[in-house]
Amino acid sequence: MRTLRGHHLLCVHGFQRMGYSESFVKKMTEIVAFMRDDRTDGPIRVIAALDEACYACPHHGVDRCEADEESNDHVLAMDHRVLKHLQLEENRVYMKSELIERTKQAVEPDDLDVLCAGCSWLSYGVCKEGIRKLKNFSDKNN
């Protein structure tokens with residue numbers, strides 16, 4: 001079963017093979033391939049803590065992000081904002097299809113300005129574009 005932290009539920013839609021290290025990019029690419037494959041579904045435990053992508057990042061400690069003094073609090077705050085916005089319970093298991101659908105229905109590209117405030121990747125615009133594409137794909141198939 002996959003385990004994803006709250007804010008990574010949004011990152012997967014805009015990920016463009018940029019990252020903190022080669023191992024992180026490789027792991028995130030694997031996660032993104034699973035999340036974007038609409039032919040498969042599966043359970044995902046949603047958490048506000050280090051997840052499988054984090055453990056491939058060079059900044060992970062034993063149980064927290066150690067990129068700098070504020071990084072762990074910052075990523076946890078993003079996790080909690082996303083979980084609240086998507087009305088998800090921490091540590092609960094959801095099907096991937098439900099998580100994708102909740103994101104399509106509840107998240108607008110400009111919501112990332114608040115949900116992902118302070119994220120170093122936000123300024124690249126790829127995350128907002130990923131949410132736009134997700135919503136446009138949904139609109140074309142309804």
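Here, each number is a calculation from the coordinates, and none is a lab measurement. None of these values were measured; they are calculated from a predicted model. Here Cβ is always computed from backbone atoms with ideal geometry, including for glycine, and neighbour counts include all displayed protein chains.
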Practice prompt. At a Cα cut-off below 18 Å, give the aspartates and glutamates reachable from Lys128, other chains included and same-chain residues fewer than 8 away excluded.
Written response: Asp79, Glu101, Glu108, Asp110, Asp111, Asp113, Asp139
Worksheet, complete the sentence: Any residue on another chain or 5+ positions along whose placed amide H is under 5 Å from the amide H of His60 is listed here as Glu66
Worksheet, complete the sentence: If amide H atoms are modeled at 1.01 Å from N in the peptide plane, then the residues at a separation of 5 or more from Ile47, or on another chain, having amide H under 5 Å from its own are Leu4, Arg5, Gly6, Asn91
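If I take every Cα pair under 8 Å that is 6 or more residues apart in the chain, average their sequence separation and divide by the length, what percent do I get for the relative contact order?
Details: 182 pairs, mean separation 42.7, N = 142.
After rounding, I find 30 percent.
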Worksheet, complete the sentence: By the rule of another cysteine's Cβ lying under 4.7 Å, the cysteines of the chain that fail to get a partner are Cys11, Cys54, Cys57, Cys65, Cys127
Worksheet item: What list of ³J(HN,Hα) couplings, whole Hz, do you get for segment 21-37 from phi and the Karplus terms 6.51, -1.76, 1.60, once you set θ to phi - 60° and write x for glycine and proline?
Response: 6, 4, 5, 5, 4, 4, 5, 5, 4, 5, 5, 4, 4, 5, 5, 8, 7
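On average over all directions, what projected area in square nanometres does the chain have, based on the convex hull of its Cα atoms?
Numbers: hull surface 31.3 nm².
For the chain, the mean projected area of the Cα convex hull comes to 7.8 nm².
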Worksheet item: Cross-link partners among aspartates and glutamates for Lys96, C-alpha distance below 12 Å, same-chain residues fewer than 8 apart left out?
Response: Asp37, Asp38, Asp41
